[in-house]
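Heads up, the thing below is written out as structure tokens.
Readers should treat all values here as calculations from the given coordinates under stated rules, not as data from a laboratory. Here the structure is a predicted model, which is why all the values come from computation and not from measurement. Counting neighbours? That spans all protein chains shown, and the Cβs are built from the backbone with ideal geometry, glycine included.
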């Protein structure tokens with residue numbers, strides 16, 4: 001097990017027993033999420049926006065339009081925070097107070113690197129394979145114009161915290177035993193594909209989409 | 001797992017991204033989310049953490065332990081940002097570049113008010129009814145000690161942005177028509193309840209939990 005360094009910024013002050021200082025746990029959370037909430041300080045305000053994400057080794061890849069303000073700031077060396085949360089269940093304790101959620105959450109802080117050239121294409125492929133597994137090989141590769149319109153960032157996983165709650169409710173033994181307690185699991189449901197209106201009837205749903213329920217992170 | 005029905009929003013109806021400047025859309029997004037990602041600037045860093053949330057009129061309620069650092073900062077007048085994102089689908093275009101997600105996202109910025117006394121209990125009830133509909137009346141009310149250990153904040157919805165992408169992929173008409181394009185809807189799936197290990201066999205799953213698949217936000 002490789003241990004994550006806990007810094008002042010990533011130390012969890014509340015419910016410290018839920019902090020998991022383990023790199024495998026960090027990878028697990030990041031691999032289970034489709035979207036990160038990315039924060040950057042702009043004019044004194046913490047701007048927080050969702051972005052598609054994917055882990056690549058010890059980095060978290062983020063991408064978006066090269067016209068996006070937050071991403072441009074991140075690309076020019078601004079410190080960013082990427083937080084990912086996976087909801088695993090609603091925890092019904094015998095009291096509202098002890099009720100909770102089961103979740104896995106990770107916060108990564110750092111300065112991201114802009115990927116260029118081959119590394120950029122490789123990063124886009126990792127993102128695509130995470131968000132839409134198998135799709136990359138079903139469509140044509142990106143053109144130079146498309147690549148120029150896209151920013152791909154890699155945030156190193158050097159400074160990160162992971163917080164996890166799992167398992168049954170933990171309420172006081174003095175609470176009445178005739179009140180039900182338990183967990184209702186939550187997950188991502190993948191619906192049946194909706195073919196676009198301009199797709200000829202002869203074009204079949206591709207293998208990547210048919211396999212999606214088996215491969216989607218969090219499912 | 002019981003898969004939740006596709007709503008009008010996840011059905012393909014529209015063709016392009018757009019910012020939605022209307023309050024009803026803001027309410028819709030907030031009412032569809034269980035968790036907000038809350039950002040606050042601490043020592044120059046945008047700290048971003050997940051928190052259970054619920055809309056109450058023109059405010060967004062957030063709650064947590066009175067020992068939590070971010071919430072304490074918010075309670076003492078620090079500006080906070082609460083961002084909520086609901087993923088409605090994966091958008092498979094004919095190219096990776098035009099592929100996207102259908103989502104509804106809202107960002108609210110402001111200074112939150114700390115709720116006290118009756119307003120605090122009322123706020124906790126709104127949060128509970130949003131996150132675990134029907135549960136409040138099945139369990140005892142919070143004690144003074146429990147209330148003291150909890151912070152409830154109300155962030156006014158005065159400054160907020162909403163961004164929505166919905167509908168079919170929008171790719172270039174020059175892309176080959178023999179490549180499939182469409183949308184795969186995503187939703188929250190509610191699993192079968194898992195009764196806690198210390199619950200006597202005679203205690204039945206309560207009405208709130210049995211009704212959950214019909215009432216969970218995002219369903």
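Just the ratio, please: alpha-carbon radius of gyration of the range A:119-172 over 2.2 N^0.38 Å, N its number of residues. Intermediate results must be reported in sequence, preceding the final value.
Working: Rg = 18.3 Å, N = 54, 2.2 N^0.38 = 10.0 Å.
For the range A:119-172, the normalised Cα radius of gyration is 1.83.
Any chance you could tell me what percent of the C-alpha pair distances in chain A go past 24 Å?
Details: 12714 of 23871 pairs.
That tail contains 53 percent of the Cα-Cα pairs.
Pick from B:106, B:75, B:207: which is most flexible by mean-square fluctuation in a GNM of chain B where alpha carbon atoms under 10 Å apart are linked?
Largest GNM mean-square fluctuation: B:207.
Starting from a Cα-only point model with no solvent, please compute log10 I(q)/I(0) by Debye for the range B:93-185 at q = 0.11, 0.18, 0.20 1/Å.
Results for the range B:93-185 at q = 0.11, 0.18, 0.20 Å⁻¹ read -0.59, -0.90, -1.00.
How big, on average over all directions, is the shadow cast by the Cα convex hull of the range A:174-214, in nm²? Can you show the working numbers first?
Details: hull surface 21.8 nm².
So the Cα hull casts an average projection of 5.4 nm².
On C-alpha positions alone, give me the angle between the axis of helix A:117-131 and the longest principal axis of chain A, in degrees, nearest 10.
The angle comes out near 50 degrees.
Where does the range B:37-151 land on the Kirkwood hydrodynamic radius, alpha-carbon pairs, in angstrom?
Working: mean 1/r = 0.0620 Å⁻¹.
Evaluated on the range B:37-151, it is 16.1 Å.
Starting at 0 and stepping by 5 Å, how many percent of the alpha carbon pairs of the range A:68-136 end up in each bin?
Calculated over all Cα pairs of the range A:68-136, the distribution is 4, 13, 11, 15, 18, 12, 8, 7, 6, 3, 1, 0 percent.
With the label 7 angstrom out along Cα to Cβ, how close does residue A:192 come to the same site in each of the other copies, in nm, nearest first?
Those label-point separations list as 2.4 nm.
Please state, as a whole number in µm²/s, the translational diffusion coefficient that the Stokes-Einstein equation yields for the range A:146-219 at 25 °C and 0.890 mPa s, with Rh defined as the Kirkwood radius across alpha carbon pairs. Could you put the intermediate results ahead of the total?
Values: Rh = 18.8 Å.
Answer, rounded: 131 µm²/s.
Return the ratio Rg/(2.2 N^0.38 Å) for the protein assembly as shown, where Rg is computed over Cα atoms only. Numbers along the way, then the final one.
Details: Rg = 21.6 Å, N = 438, 2.2 N^0.38 = 22.2 Å.
Here the answer is 0.97, to two decimals.
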